4 protein chains.
Amino acid sequence: MSVTIRPVEAADKAEWQRLFEGYQLYYERPDLPQEFYDTAFARLMARDPRDFAGLVAVGDEGHLLGLTHYVFHPHMWRPEGVCYLQDLFTKPEARGQGVARALIEAVYAAADNAGVPSVYWLTQEFNYAGRMLYDKVATRTPFIRYNRAL
Amino acid sequence: MSVTIRPVEAADKAEWQRLFEGYQLYYERPDLPQEFYDTAFARLMARDPRDFAGLVAVGDEGHLLGLTHYVFHPHMWRPEGVCYLQDLFTKPEARGQGVARALIEAVYAAADNAGVPSVYWLTQEFNYAGRMLYDKVATRTPFIRYNRAL
Amino acid sequence: MSVTIRPVEAADKAEWQRLFEGYQLYYERPDLPQEFYDTAFARLMARDPRDFAGLVAVGDEGHLLGLTHYVFHPHMWRPEGVCYLQDLFTKPEARGQGVARALIEAVYAAADNAGVPSVYWLTQEFNYAGRMLYDKVATRTPFIRYNRAL
Amino acid sequence: MSVTIRPVEAADKAEWQRLFEGYQLYYERPDLPQEFYDTAFARLMARDPRDFAGLVAVGDEGHLLGLTHYVFHPHMWRPEGVCYLQDLFTKPEARGQGVARALIEAVYAAADNAGVPSVYWLTQEFNYAGRMLYDKVATRTPFIRYNRAL
């Protein structure tokens, strides 16, 4: 199987949404309103360099196999900023074939192109399947996340 | 002792730098060039709502006791974005008096004012002194950070 | 495939050693002297209720697929003591077929028989494949291990 | 203040119990029956080399400031076994004076005397105050504990 990575396009909406729904389900957020997906997709389509960009992985038959969303944001220690890879999802039937790795590497390339080579992401400590890959393509840090309790 | 939290101002440069140097030392980055501090301070002074803002804690005698730097950045799941509290430092002599807590709470207030109430930060798993406070004012999440290896 | 769990026997020595070598390799301890394996096996054969017991998983063709070693030791809070499952290994070709789970459950049964139902083990935080199973058959605790530096 | 470490003795029962109660409270186990403490103390008094030994820290005025309980148990990889330091407690008023460190070092010495120099213990990941000390006198490992769910 070959996988092509390209920016998400307007015609991808339905398939993109199914993938993003799968990702939200992983985080136990089923049944988000359609508005949630409409807003997110519209932001990707706006191609605002200050907002999120989306990449999709496309299989041989033209269907979407995975997605990633990333954004550049300021960093106090690095004037060029950093690249935050927030969302990453491969559909279950397409796992183990390098889709997630190809998406991460495409974000690395996009970050290099933007002159912002520092890419990072956060993942739950118990995301074992994800971390098997992340340990190969990135460095685990000792940083953990605290959230304001709202 | 009373502590006042206010935005960092041009006249604070020398004291602000001493604090930020202490913070960088914590992360084992001594001897950063003066340019590093000049650039960082200039960014704070620019008051760009898309870039970092800085708050300082001022003690009774008018000297700076601590600092924090935060930024608002886009979040794919929340159209209003999130607030990233990147830097937080209290000078050693002023610890245990609520300076860090007051700084965090001031960021919470600034985030509320901006309509972006979600505040988060990252800290090293072994930052015991910090986490004693963070456990009181925030929620530890199971998220850990991966960095692209550069 | 069916798997039978039974105590390790003298005739298992060669196959048991190959499995224990695989386990030691996982912990980056290749090339242990033959004496290491001889001593360990002799302890298992001694059937001393105060020392380790060994169980092996046997496949359809009579070959060993996995092993586990456990010991009962005193616990200050529980007069009956606890059961420490120290070693657990399934040979790579036999993974994903329930061998490790069957071994763990056999230790649970042995612990129940001994009147020492509290079974625990330690695993490296990044043993993702192991933890996928452990999360199903046990409870992760917040306890981490410190070793005297020797 | 000077601290003396010595084995717990019969005359220590009342003070020892108060310390062990404080320790159990840390683990959110208040109101254990008197029988729990009687049994634990009797085991220490039995001086069984296969069961737990107890050390206490005594201050200038002869009162107990802290305690530790340790046991030697078999280890599959080391014929000589290992030393498990299970309990460690310093009374709140006596903290920050080296009591816990002196107790740990006394266990190290006892382990050396017994020819079982490998000492280890488990602590909750969020035991910040404890870990500040443990990082100085021991090595943090990546091992985490799983418990059979009972």
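The values are calculated or read from the model by the stated rules, or taken from the named source; none is laboratory data. Small disclaimer: the values here were computed from a predicted structure and weren't measured. Backbone-built Cβ (ideal geometry, glycine too); neighbour counts: all protein chains shown.
Within the stretch C:124-139, which residues are of a type outside the set (S, T, N, Q) and over 16 Å from the mean Cα position of the chain (by Cα)? Those that are of a type outside the set (S, T, N, Q) and over 16 Å from the mean Cα position of the chain (by Cα): C:Glu125, C:Phe126, C:Tyr128, C:Met132, C:Asp135, C:Lys136. Screening the candidates B:Asp48, B:Asp31 for the property of being more than 15 Å from the chain's Cα centre (by Cα), surrounded by fewer than 18 Cβ atoms within 10 Å (Cβ to Cβ), at pLDDT below 95 and assigned to a loop (DSSP other than H, G, I, E, B) yields one hit, B:Asp31. Residue pairs whose Cβ atoms lie under 6 Å apart, separated by 6 or more positions or on different chains, with the first residue in the stretch D:1-30 and in contact (Cβ under 8 Å) with a residue 60 or more places away in the chain and the second β-branched (Val, Ile, Thr) and in a helix (DSSP H, G or I), are D:Val3/D:Val99.
Determine if the stretch B:113-121 includes at least one residue that is out of contact with any Ser or Thr (no Cβ under 7 Å at 6 or more places or on another chain), farther than 18 Å from B:Ser2 by Cβ and exposed (fewer than 14 other Cβ atoms within 10 Å of the Cβ).
Our first condition is that a residue be out of contact with any Ser or Thr (no Cβ under 7 Å at 6 or more places or on another chain); within the stretch B:113-121, this holds for B:113-121.
Adding the requirement that they be farther than 18 Å from B:Ser2 by Cβ leaves B:113-121.
Narrowing the set further to residues that are exposed (fewer than 14 other Cβ atoms within 10 Å of the Cβ) leaves B:113, B:115.
The answer is yes; a qualifying residue exists.
Give the residues of the stretch A:62-87 that are more than 14 Å from A:Pro7 (Cα to Cα) and of a type in the set (A, V, I, L, M, F, W, C), sorted by residue number. The answer is A:Phe72, A:Met76, A:Trp77, A:Val82, A:Cys83, A:Leu85. Just to be sure, is A:Ala57 within 14 Å of the chain's Cα centre (by Cα) and under 27 Å from A:Val82 (Cβ atoms)? Spelling it out, A:Ala57 is indeed within 14 Å of the chain's Cα centre (by Cα) and under 27 Å from A:Val82 (Cβ atoms).
Here's a check for you: in the stretch B:137-148, which residue that is at the interface with chain A (Cβ under 7 Å from one of its Cβ atoms) and in contact with a helix residue (DSSP H, G or I) (Cβ under 8 Å, 6 or more places away or on another chain) is farthest from B:Thr68 (Cα to Cα)?
So the first thing to find is which residues in the stretch B:137-148 are at the interface with chain A (Cβ under 7 Å from one of its Cβ atoms), and the list is B:138-148.
Imposing the further condition that a residue be in contact with a helix residue (DSSP H, G or I) (Cβ under 8 Å, 6 or more places away or on another chain) reduces the set to B:138, B:140, B:146, B:148.
Details: B:Ala138: 16, B:Arg140: 19, B:Tyr146: 23, B:Arg148: 26 Å.
The residue in question is B:Arg148.
In this entry, A:Trp121 passes the filter for residues that are within 14 Å of the chain's Cα centre (by Cα) and closer than 30 Å to B:Glu21 by Cβ. Comparison of D:Thr39, D:Thr68 shows that the only residue that is touching a Leu at 6+ places or on another chain (Cβ under 8 Å) and either among the β-branched types (Val, Ile, Thr) or assigned to a strand (DSSP E or B) (or both) is D:Thr68.
Yes/no matrix, rows are residues, columns are (1) facing chain D (nearest Cβ under 10 Å); (2) within 30 Å of D:Tyr26 (Cβ to Cβ); (3) without any contact (Cβ under 8 Å) to a residue 24 or more places away in the chain:
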site	(1), (2), (3)
C:Val71	yes, yes, yes
C:Pro79	yes, yes, yes
C:Gln86	yes, yes, no
C:Val99	no, no, no
C:Leu103	no, no, no
C:Ala106	no, no, no
C:Asn113	no, no, yes
C:Gln124	yes, yes, yes
C:Asp135	yes, yes, yes
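In this entry, A:Gly62 passes the filter for residues that are more than 9 Å from chain B (Cβ to nearest Cβ), free of Cβ contacts under 8 Å to residues at least 12 places away in the same chain, more than 30 Å from B:Asp135 (Cβ to Cβ) and outside any helix (DSSP H, G or I). Within the stretch A:1-28, the set of residues being assigned to a loop (DSSP other than H, G, I, E, B) and out of contact with any Phe, Trp or Tyr (no Cβ under 7 Å at 6 or more places or on another chain) comprises A:Met1, A:Ser2, A:Val3, A:Glu9, A:Tyr27, A:Glu28.
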